[in-house]
1. Does segment 191-206 contain any residue that is farther than 21 Å from Gly52 by Cβ and within 25 Å of the chain's Cα centre (by Cα)?
2. Give me the residue from segment 345-355 that is of a type outside the set (A, V, I, L, M, F, W, C) and buried (at least 18 other Cβ atoms within 10 Å of the Cβ) and, out of that set, farthest from His190 (Cα to Cα).
3. Filtering segment 101-137 down to residues that are in contact (Cβ under 8 Å) with a residue 40 or more places away in the chain and of a type in the set (Ser, Thr, Tyr), which residue is nearest to Phe223 (Cα to Cα)?
4. Out of Leu55, Leu60, which single residue is crowded, with 23+ Cβ neighbours inside 10 Å and among the hydrophobic types (A, V, I, L, M, F, W, C)?
5. Go through segment 89-118 and report how many residues are over 25 Å from Phe380 (Cα atoms) and modelled with pLDDT under 95.
6. Among the listed residues Ala342, Ala337, Ala318, Ala326, identify the single one that is surrounded by 21 or more Cβ atoms within 10 Å (Cβ to Cβ), of a type in the set (A, V, I, L, M) and more than 15 Å from Ala58 (Cβ to Cβ).
7. Of all residues in segment 53-100, how many are closer than 22 Å to Phe216 by Cα, outside the structural domain of His220 (by TED's automatic domain parsing) and in a helix (DSSP H, G or I)?
8. I'd like the residue in segment 144-161 that is of a type in the set (S, T, N, Q) and not in a strand (DSSP E or B) and, out of all such residues, is nearest to the chain's Cα centre (by Cα).
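The values are calculated or read from the model by the stated rules, or taken from the named source; none is laboratory data. Quantities reported herein were computed from a predicted structural model and do not represent experimental measurements. Neighbour counts run over all protein chains shown; Cβ positions are idealised from the backbone, glycine included.
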Amino acid sequence: MQDKAAEVDRQKCDVLVIGGGPAGSTVAPLLAEKGYRVVLIEKAHHPRFHIGESLLPANLPLFERLGIDEEVRAIGMEKWGAEFVSPHHAMPQAFHFAEAWDKSMPYAYQVQRAEFDAILIRNAKRKGVEVHEGCKAKTVDFLPDGTAVIRSHNNDGHEVEWTARFVVDASGRDTFLANRFQIKHRNPRHNSSAVYGHFTGARRHEGLEEGNITIFWFEHGWFWFIPMQGDVTSIGMVTWPYFMKTRGKRSIERFLMDGIATCPALAQRLERAELINQVEATGNFSYVSERNHGPNYLLLGDAYAFIDPVFSSGVLLAMNSGLIGAETIDTCLKTPAAAAAALKRFDHLMKHGPKHFSWFIYRVTNPIMRDFFMGPKNIFRVKEALLSVLAGDIFGRTPIWRSIRTFKLLYYIANVIQPRRAYMGWKRRRFNIRQVADTALNPAP
């Protein structure tokens, strides 16, 4: 019998990137531009369906940096703002990015991720990255000499063993390294699930408002309404584990449609809409890993942590992690004496985004916070600062932080003034995020 080990193809590279989503397809070409041999392996074949279609204005400079801005423009629905609809308030509240602190980023895009991610990974290939699709990482071993050996398996059965100087985990919710190291945990401060599908025929706003994302609060969480090109609208229900368990024997599609029916404002906009794809669901939506780096590896984007999609921050955090990840790896490989400082800075920046978004995410369903969103005031420029956060402008030099601290202070004061309402909101949130066995996400037979 032929030795199976002899059938394994052995290759070397400087950096091995696991995952071809926004994080992996950002870090890989940036490193290739610096002269490294970069290999990117992706388990799927692009284009492939993915959720997370709403981008932020702060993404646009990253598109320019990668040289894909015109390609994204061609597939994108312009998004000039975000709208919040509450069953407890008479009128919707719209936020326009042009009113943020920095007026130079007035819009973003809504995109179908199959098209968007394909643009990113094809760009990586054009920039000199060796891209292998249909190739899944199976094992990794970090050796005493500072290298890593990653074994991958292609769809055609071909196996490759890569020896790399540095490993990047951009595997998204697969969390390849976090699972291997057993460092991935449920986020103890949040716990939600999502059910979503694509529709045609949804009623949109007119003019510049047509592409705006709308967030609909309802009793058991919130819905997203994301218009895209081609009369396709993404609808998602983000809800708590206890509500997921009420699904019972209903199909996941029926469960979504029944949920929509409990939100009259959304149901009205979907009264003539038709579902055009299979409804999907994701449980254990919120998690975090104990660390995001080691001496010769990084965890980027969702491979490190994910909180909640209410502020459309996922693609921005992924791509930004790719940007700072490329700078960090370059330092580690070229200037080993500066590696510790570079990794410390990487750790700080990786935690910066989730930290500032999560403060709002943990409170966005609180009745007092809802009042703040539905009736924003610009005292001490807090509305402009809040809009900057909603635009993703949290990594640059825009001086929003004093106003953000003021916003938080006003929120805490409102809780002190309304102690019973604050307590009931806190108690309800504790009830919402508790773990519930068997959230029944698998399709009913």
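1. no
2. So the first thing to find is which residues in segment 345-355 are of a type outside the set (A, V, I, L, M, F, W, C), and the list is 345, 347-348, 351-355.
Right, trim to buried (at least 18 other Cβ atoms within 10 Å of the Cβ) and you get 353-354.
Numbers: Gly353: 16, Pro354: 12 Å.
So the residue we want is Gly353.
3. By that ranking, first place goes to Tyr109.
4. Leu55
5. 1
6. Checking each option against the conditions leaves just Ala326.
7. 1
8. Asn155
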